[in-house]
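In what follows, a structure is listed as structure tokens, so that the remarks can point back to it.
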Amino acid sequence: MQRLAPLLSRPNSEVVFNFMFDFINRAASISDENIIAGLGELMPFGDWRSRLAAVRRANLPAPQKGTDRQLP
């Protein structure tokens, strides 16, 4: 949010977030440290990697776009 503060402090401004769900799903399985760090910056709260691993270990289908099902 600190990086967005200059944009948000301008009068009559708005910021649009484009969360690319399909890209995130593909990138989540990549083990490159730069990709992992980038995803960590996009999703700084919660332990998304261990939650995704738990779903994979349980052999459950990942939540589909537009559903309310939460990861374990």
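Laboratory data are not the source of any read-out in this text; all were calculated from the coordinates shown. Everything numeric here is computed off the predicted structure, so don't read it as measured data. Glycine gets a Cβ as well: all are built from the backbone with ideal geometry, and neighbour counts include every protein chain shown.
Key figures for this structure:
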quantity	calculated
For 13, 31, order by how many other beta-carbon atoms lie within 10 Å, fewest first	31, 13
Gained length - residue 48 relative to residue 9, 0.36 nm times residue gap less alpha-carbon distance	11.0 nm
Estimated vicinal HN-Hα couplings, Hz - the stretch 27-32 in sequence order (Karplus 6.51, -1.76, 1.60; Gly, Pro = x)	5, 4, 8, 7, 9, 5
Radius 11 Å from Cβ of residue 40, net charge of other residues (Lys, Arg +1; Asp, Glu -1)	-2
Neighbour-count ranking [beta-carbon atoms within 10 angstrom, fewest first] of 57, 3	3, 57
The stretch 1-55 - Kirkwood radius from inverse mean 1/r over Cα pairs (Å)	13.3 Å
